[in-house]
């Protein structure tokens, strides 16, 4: 009551439902365990300024995020396979390793409890892991290498790892300021919280997971980050578009890998992989401008030197 008076009378049944039968026979009447974010949203939602410091629109903002539609988005994809559920389904993620549900049985996208422990944890926000570790569980390309697709290489890109030189050697790690200096790494920009300060400044829980340039102001003057991001995008986006022509069978510049020598083919897969890392990262250099330039320069060196 001294530290969280706003939680007075929030007890077990608030989340688990009526417990009288469970009290009589716990084995035969287990408590309900609901993974749906709508349950959390009964409390973790906006209250139009009526609750002062406790105004927190987590549920509304999560509902507009890609996390809320993560499960629905994958079933129609031609490359869908059951391993996708590890990052797109909460009930799959939280199930024991020896008792994972089948694709036909999963119900939930990436809900609140996928990232937060309802009964608390040692980490900020009751997170299951440190924020940088938590995001990296899914936003990673894993051990992908040339000839494979670098899917979701966000953490590798931020950390400046994963790309290759044309001779087949991995590039040395190229650190970035966000990786080295921003607490929470991904969460520092993508879960940036702004407290409620009146009708003209509603609260922002950061749970749309869109990047917030206000997070940049710990290092940059207001507006400076926006200009820097626009400049690097103006460089990276056309370079990506230029390389895409070499990989498009409908374009006159298309490079057919079947026409290449074995040595050229090895370099082709490396160049394509480096290009795809930048493209799949999706930040147009914002996550690591120097690494984007390094990877694109290597891809351009290959495609630009072909006859």
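The values are calculated or read from the model by the stated rules, or taken from the named source; none is laboratory data. This structure is a prediction, so every number in the text was calculated from the model and none was measured. Cβ atoms come from the backbone with ideal geometry, glycine included; neighbour counts cover every protein chain shown.
Just one of 187, 230 is under 21 Å from the mean Cα position of the chain (by Cα) and outside any loop (DSSP other than H, G, I, E, B); which is it?
187
All but one of (1) under 18 Å from residue 288 (Cα atoms); (2) at pLDDT below 95; (3) buried (at least 19 other Cβ atoms within 10 Å of the Cβ) hold for residue 203, so report the exception by its number.
(1)
Name the residues in the range 18-49 that are out of contact with any helix residue (DSSP H, G or I) (no Cβ under 6 Å at 6 or more places or on another chain), more than 26 Å from residue 61 (Cβ to Cβ) and surrounded by 12 or more Cβ atoms within 10 Å (Cβ to Cβ), would you?
21, 22
Just to verify a result, which residue in the range 215-232, among those that are touching a helix residue (DSSP H, G or I) at 6+ places or on another chain (Cβ under 9 Å) and surrounded by fewer than 11 Cβ atoms within 10 Å (Cβ to Cβ), is modelled with the highest pLDDT?
Restricting to residues being touching a helix residue (DSSP H, G or I) at 6+ places or on another chain (Cβ under 9 Å) and surrounded by fewer than 11 Cβ atoms within 10 Å (Cβ to Cβ), the top hit is 218.
Filter the range 233-263 down to the residues that are touching a helix residue (DSSP H, G or I) at 6+ places or on another chain (Cβ under 8 Å), assigned to a loop (DSSP other than H, G, I, E, B) and over 15 Å from residue 307 (Cα atoms) and list them by number.
Listed by number, the list holds a single entry, 251.
Please go through the range 57-105 and give me each residue that is closer than 27 Å to residue 206 by Cα, in a loop (DSSP other than H, G, I, E, B) and in contact with a helix residue (DSSP H, G or I) (Cβ under 8 Å, 6 or more places away or on another chain), ordered by number.
Result: 70, 71, 73, 74.
Go through the range 152-184 residue by residue and tally those that are in a loop (DSSP other than H, G, I, E, B) and either modelled with pLDDT of 90 or more or under 13 Å from residue 291 (Cα atoms) (or both). Don't jump to the end; show me each part of the working.
From the range 152-184, those in a loop (DSSP other than H, G, I, E, B) are 152-153, 160-163, 165-169, 171-176, 182-184; that's our starting set.
Keeping just the survivors that are either modelled with pLDDT of 90 or more or under 13 Å from residue 291 (Cα atoms) (or both) gives 152-153, 160-163, 165-169, 171-176.
Of the residues in that region, 17 qualify.
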